[in-house]
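Undergrad: The structure's right below; bear with me while I get my questions together.
The numbers here are math on the coordinates, done by the rules we state, and not lab data. Not measured: the values here are computed from a predicted model. Note that we place each Cβ from the backbone using ideal geometry, even for glycine, and neighbour counts take in every protein chain shown.
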Amino acid sequence: MRRQFINDQQHHVREALEGLALANPQLLRYVPEPGFVERAVPATGQKVGLVSGGGSGHEPLHTGFVGVGMLDAAVPGAIFSSPTAIQVEAATRAADHGGGVLHIVKNYTGDVMNFNIAAELVATDGIAVERVLVDDDLATERTDGDGPGRRGTAAVVAVEKICGAAAERGASLADVAALGRRVADGARTMALALASLAHPGESQPSFELGPDEVELGVGIHGERGRGRVPFGTAHELERQLTEPLIDALGLAEGDRVIVIVNGLGATHPLELSVLFRELSAHLGEHRIAVARALVGSYVTALDMAGASVTLVRADDEILDLWDAPVRTPGLTW
């Protein structure tokens, strides 16, 4: 049986957001009605506002990335559920400083629909909105054109960081949006689960794995993956994650990438560091340069044991923006 720090399932997300704001009063504040998180000190001038969001349960995404150098506001839904259009509309209005607002949206049907509705609502008052759709999950890529396509996962961290830096430097809405689309287009992710997650207040996992099985291509809501594969060493599992990404992006000798090795909620930093060690050596065999690396738990799936690997094509502009200062609860340098 899994035990968790929880008072009431119904109020779990609200209480967590109150705690986040109390712990970071200099960075952000929580607006309980209709429900969003915004910078404690709003940006000034004509800076493009950045808004993202999605279901809770993936923290520190997205609420932990509100602050200087990343988001102006984040909209949390219930656990693994899209925020409402009313929430997104309110956050968009709060993030508008006269330069327009960029919506950074992971590719899930509810998120896409509600962000679109919100954009239409604020347009009636002359607020310009552009959208970047993040669809990096290689496990859900289809060649027949059916279905919603690739899901949005950990590449959204790179999009938010790089677009946030460009917006801080005064780039226009059109330029920030084009940059975000370029980053998203050049990013792919693959994840695997060693053990499934349990929803707050529940003791049973969302799916069971055999003693010698892992779920390859698992989703961040506990969705089943491409299939079950045998459990193995970190060396063996890393190759099953990374080799498809190299192929999908067409990476070759001399290319540079930003690497995100992301824990899914219950994976220890020691394990993630071992995984990155294997990945670094693997890319070295292909003579692909690790230009920057982010290793830690940034896009989680409640208490799932597992990890994802994200590769993002990098160039001088993207690396310069990646290195720009950022100060949020979840990411700071």
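Undergrad: For Asp125 and Asp315, what is the calculated FRET efficiency with R₀ set at 45 Å and r taken between the beta-carbons, to the nearest 0.05? Show your work: numbers first, answer last.
TA: Details: r = 37 Å, r/R0 = 0.82.
With a Förster radius of 45 Å, E is 0.75.
Undergrad: Each residue of the stretch 52-63 in order: what ³J(HN,Hα) in whole Hz does its phi give by Karplus 6.51 cos²θ - 1.76 cosθ + 1.60, θ = phi - 60°, with x for Gly and Pro?
TA: 9, x, x, x, 6, x, 10, 4, x, 4, 9, 5
Undergrad: Hey, got the dipole for the chain? About the Cα centre, +1 on K and R Cβ, -1 on D and E Cβ, debye to the nearest 20?
TA: Numbers: 27 positive and 44 negative charges, 88 e Å.
Roughly 420 debye, rounded to the nearest 20.
Undergrad: Based only on other Cβ atoms within 10 Å, what is the fewest-to-most ordering of Phe231, Phe115?
TA: Starting with the residue having the fewest Cβ neighbours, the order is Phe231, Phe115.
Undergrad: A follow-up question, please. Given the -39500 (n - 2.57) contribution per DSSP H run of 4+ residues, what per-residue ellipticity at 222 nm results for the chain, rounded to the nearest 500 deg cm²/dmol?
TA: Values: 8 runs with 106 residues, N = 333.
Calculated at 222 nm, the ellipticity per residue is -10000 deg cm²/dmol.
Undergrad: Grab the beta carbon distance between Ile117 and Ser172, set R0 = 25 Å, and tell me the FRET efficiency rounded to 0.05. Could you put the intermediate results ahead of the total?
TA: Working: r = 25 Å, r/R0 = 0.99.
E(calc), rounded to 0.05, equals 0.50.
Undergrad: So, in nm, how far is label Arg228 from label Arg327 when the simple model puts each one 7 Å beyond its Cα toward the Cβ?
TA: Each label point is offset 7 Å from its Cα along the Cβ direction, giving 5.0 nm.
Undergrad: For the stretch 159-257, what is one quarter of the convex hull surface built on the Cα atoms, given in nm²? Intermediate values should be presented prior to the final figure.
TA: Values: hull surface 37.9 nm².
The number I arrive at for the stretch 159-257 is 9.5 nm².
Undergrad: Here is a further query. Alpha carbon centre of the stretch 36-96 versus the stretch 258-333: separation in Å?
TA: Each part's Cα centre sits 22 Å from the other's.
Undergrad: Could you pull out every residue, at least 5 positions away or on a different chain, whose amide H is within less than 5 Å of the one on Leu294? Hs are placed 1.01 Å off N in the peptide plane, and Pro or chain starts have none.
TA: Residues meeting the criterion, in which the H sits 1.01 Å from N, are Val259, Ile260, Val261.
Undergrad: Right, here's the next one. Which one, Ile127, Gly180, Ile117, projects farthest toward the positive side of the charge dipole computed for the chain from Cβ point charges (K/R +1, D/E -1)?
TA: Most positive-ward Cα: Ile127.
Undergrad: Give me Glu33, Glu278 sorted ascending by neighbouring Cβ count inside 10 Å, so fewest comes first.
TA: Working: Glu33 8, Glu278 20.
Result, fewest neighbours first: Glu33, Glu278.
Undergrad: For Ala78, list long-range residues whose amide hydrogen, built 1.01 Å from N in the peptide plane, is under 5 Å from its own amide hydrogen.
TA: Ser56
Undergrad: Jot down the per residue volume, in cubic angstrom and as a whole number, of the convex hull over the alpha-carbon atoms of the chain.
TA: Numbers: hull volume 42.0 nm³, N = 333.
Output value, Cα hull per residue: 126 Å³.
Undergrad: Still on this structure, please answer the following. With a 10 Å Cβ neighbour count serving as the proxy for reagent exposure, in which order, fewest first, do Trp333, Trp322 appear?
TA: On the way: Trp333 10, Trp322 20.
Placing the least packed residue first, the sequence is Trp333, Trp322.
Undergrad: How high is the FRET efficiency from Asn7 to Val31, r the C-beta distance, R0 22 Å, rounded to 0.05? Intermediate results must be reported in sequence, preceding the final value.
TA: Details: r = 21 Å, r/R0 = 0.97.
After rounding to 0.05, the efficiency reads 0.55.
Undergrad: Taking amide H atoms as placed 1.01 Å from N in the peptide plane, list the residues 5 or more away in sequence, or in a different chain, whose amide H sits under 5 Å from that of Arg131.
TA: His103
Undergrad: Less than 15 Å Cβ to Cβ from Val75, Lys/Arg counted +1 and Asp/Glu -1: what total charge do the surrounding residues give? Write out the running numbers ahead of the final one.
TA: Details: positive: Arg14, Arg29, Arg39, Arg93, Lys106, Arg131; negative: Glu33, Glu38, Glu59, Asp72, Glu89, Asp96, Asp111, Glu160.
That sum, taken over residues with Cβ under 15 Å, equals -2.
Undergrad: Hey, another quick one. Running a GNM on the chain with Cα contacts under 10 Å, which residue among Ile258, Ile318, Ile246 ends up with the highest mean-square fluctuation?
TA: Per the Cα network of the chain with a 10 Å cutoff, Ile246 tops the list.
Undergrad: Lys and Arg at +1, Asp and Glu at -1: add these up for the other residues within a Cβ distance under 14 Å of Gln87 and post the number. Don't skip to the end; give the middle numbers.
TA: On the way: positive: Arg14, Arg93; negative: Glu33, Glu38, Glu89, Asp111.
With Lys, Arg at +1 and Asp, Glu at -1, the net is -2.
Undergrad: Could you work out the Kirkwood radius for the stretch 187-321, taking every pair of different alpha carbons, averaging 1/r and inverting it, reported in Å? Let's see the in-between values first.
TA: On the way: mean 1/r = 0.0659 Å⁻¹.
In the stretch 187-321 this quantity evaluates to 15.2 Å.
Undergrad: A follow-up question, please. Which net charge results when you count Lys and Arg as +1 and Asp and Glu as -1 among the other residues whose beta-carbon is under 9 Å from that of His286?
TA: Cβ neighbours under 9 Å give a net charge of -2.
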